[in-house]
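The values are calculated or read from the model by the stated rules, or taken from the named source; none is laboratory data. Only a predicted model underlies this, so the values are computations on that prediction, with no experimental measurement involved. So basically every Cβ, Gly included, is an ideal-geometry build from the backbone, and we count neighbours across all protein chains shown. Heavy atoms of the whole protein, side chains included, go into the accessibility calculation; ligands, DNA and RNA do not. Shrake-Rupley method; radii C 1.70, N 1.55, O 1.52, S 1.80 Å.
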Amino acid sequence: MKRRTWILGSAGVITTAFAKADQTMIQEMGIDFKWGVANAAFQVEGAANEGGRSMTIWDDFTKNSSNIKDGSNAQVATDFYHKYTEDVKLASSLGFKQFRFSISWARLMQPGMKELNTEGVAFYHNLIETIINEGMQPWVTLYHWDLPSELQKFGGWSNRKIIDYFEIYVENCVQLFGSNVKKWFIANEPAAFVSLGYLSGYHAPGKKSPFGFLRAVHYVLLSVAAACRKIKSHQPDAMVGMAYSCSPVEGAEIKDFLAAKRIDVLLNRLFVEPHLGLGYPFEDLPALKRLEQYIEPGDMDSIKCTFDFVGIQYYFRVVVKKSRLIPFFGGREIPASKRGVIMNSMGREIYPKGLLDCLKRFHEYGFKDLVVSENGVCFRDELVDGKVNDEKRIGFFKNHLEVLRSAKQQGIPVSGYFVWSLTDNFEWSEGFSERFGLVYVDYSTQKRILKDSAKWWQSALKGG
Ligand code: NOJ
């Protein structure tokens with residue numbers, strides 16, 4: 001296989017010349033382009049037993065420390081529940097004008113999931129107000145993987161009952177916050193939370209059931225469509241979208257093409273096409289056909305919905321080799337480490353051009369407004385003499401922003417870009433071992449320290 005290389009930027013020291021070039025790149029995206037940061041409730045909030053919050057599938061999953069690489073849990077996380085004011089101010093001091101966060105279902109609602117938890121309501125009201133007062137626009141993710149344990153008791157997303165519960169929750173969110181929140185992501189990366197949670201068991205709730213997985217696929221899609229209608233019925237001026245993970249999938253050789261196509265269905269198509277009225281991509285992933293038994297009359301109509309925008313979350317490319325040993329997909333991923341490519345600390349390929357491939361693809365589906373709702377990179381950052389030199393991360397952003405600019409120049413309607421993530425945080429099954437933040441968190445003191453990449457963004461957005 002051909003070794004692919006690209007040059008990492010080297011802006012460890014931010015000279016005026018660098019700042020100027022980077023500022024120009026940012027300015028070229030246009031005055032209305034939206035620059036933001038993102039995080040998610042379970043990964044940052046902590047305060048697991050405070051404010052009337054009930055347990056989630058991730059609290060349960062992390063109780064078994066062997067599920068998490070470093071044996072950690074997110075009971076405290078980055079203590080965003082108490083430190084949100086500091087974090088929101090930090091984001092705005094860096095020059096970002098958009099702030100994406102998620103609402104924790106288990107914090108907003110009381111344990112039965114039918115009544116509101118007033119302390120949770122107050123927390124999100126305050127958070128939204130702080131974001132707005134800091135001159136930023138709130139973007140709310142309604143579901144970022146932290147299903148209340150209460151709902152997992154009956155199977156969570158793999159039980160049709162979840163559709164009604166999700167509707168109740170979403171309706172409450174819109175009624176409570178709709179006057180201040182105009183941008184809604186209904187759910188974050190369904191391909192990830194459904195396949196890792198219900199098929200491979202690598203994420204909460206840790207299930208490894210092909211049939212549970214198929215049911216979850218169908219019920220998540222129906223829930224999203226129902227939520228989309230619900231939001232629009234209460235808030236006609238709302239902009240409603242989804243946050244989709246996207247990875248270009250390639251076969252290592254010609255003979256691997258069909259396996260790549262099957263994996264591509266799971267990673268990039270399954271959670272989009274039914275909403276567009278294209279049905280399920282059964283032809284390209286025949287094992288999916290077993291899902292037909294769960295489709296009730298009328299479902300394929302009610303699964304259709306129209307989004308106002310779509311979020312693309314881009315991290316890496318996937319290269320596939322066919323393998324008869326792998327059920328369902330008949331193919332496996334070739335790890336980046338075996339392909340001699342540049343990687344992040346999770347062993348994922350860093351491949352900026354993939355961002356363009358993903359944007360093009362969603363544009364071809366006909367979506368008229370795209371935002372990059374997550375893009376970022378993990379490295380094993382170290383705090384040395386009170387500083388974090390993460391020039392590789394700066395290089396990562398420069399390379400991806402160049403690709404973003406070229407997407408825009410090619411006429412792809414991309415209107416925003418969110419860095420994942422504002423601060424280091426709990427990286428799911430990797431625990432705290434992976435750091436994605438612009439801001440370093442010293443977990444023993446909860447002190448926040450700007451990494452060089454944060455300073456780079458600040459000078460690029462605000463002028464250095
Ligand atoms: C996507 C997920 O939305 C987010 O929660 C996660 O931390 C990042 N990817 C990095 O893996």
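Miscellaneous remarks
- Residue among GLN175, PRO297, SER149 farthest towards the positive dipole end of segment 23-462, charges placed on Cβ: PRO297
- Overall form of segment 310-464 per C-alpha gyration tensor (a/c, 1.5; a/b vs b/c): oblate
- On a per residue basis, segment 68-195 carries 32 Å² of accessible surface, using protein heavy atoms and a 1.4 Å probe.
- Of the accessible area of the chain, computed with a 1.4 Å probe over protein heavy atoms only, carbon and sulfur atoms account for 51 percent.
- Share, in percent, of DSSP beta bridges within the chain that are antiparallel, nearest 5: 25
- Note on GLN75/ARG405: beta-carbon distance plugged into 1/(1 + (r/R0)^6) with R0 of 60 Å gives a FRET efficiency of 0.90.
- Straight Cα distances below 13 angstrom link LYS97 to the aspartates and glutamates ASP32, GLU134, with same-chain residues fewer than 8 positions distant left out.
- Sparse packing (at most 14 other Cβ atoms within 10 Å of the Cβ) combined with a DSSP loop state is found for the following trypsin sites (Lys or Arg not before Pro) in segment 71-166: LYS114, LYS153, LYS161.
- Rounded if a/c under 1.5, otherwise prolate or oblate - the chain, Cα gyration tensor axes: rounded
- Spatially, segment 363-417 and segment 267-345 are offset by 23 Å when compared through their Cα centroids.
- Helices in the chain that qualify as membrane-span-like (whole DSSP H runs, Cα extent of at least 30 Å along the helix axis, mean Kyte-Doolittle hydropathy of 0.0 or higher) are 210-234.
- FRET efficiency estimate (nearest 0.05) - Cβ-Cβ, THR306 to GLU167, R0 22 angstrom: 0.80
- Computed label-point distance, nm, for sites THR118 and ASP369 using a 7 Å Cα→Cβ extension: 3.6
- Å² of accessible area per residue within segment 273-349, as computed with a 1.4 Å probe and no ligands counted: 49
- For the chain, the Cβ-based charge dipole about the Cα centre amounts to some 1300 debye (Lys, Arg positive; Asp, Glu negative; other atoms uncharged).
- Chain lengthening between ILE295 and ILE132 when straightened (0.36 nm per residue, less Cα-Cα): 54.4 nm
- The chain: calculated mean residue ellipticity at 222 nm from DSSP helix runs of at least 4, using -39500 (n - 2.57): -11000 deg cm²/dmol
- Comparing ALA243, SER323, GLY95 along the charge dipole axis of segment 23-462, the residue lying farthest to the positive side is SER323, per the Cβ-charge model.
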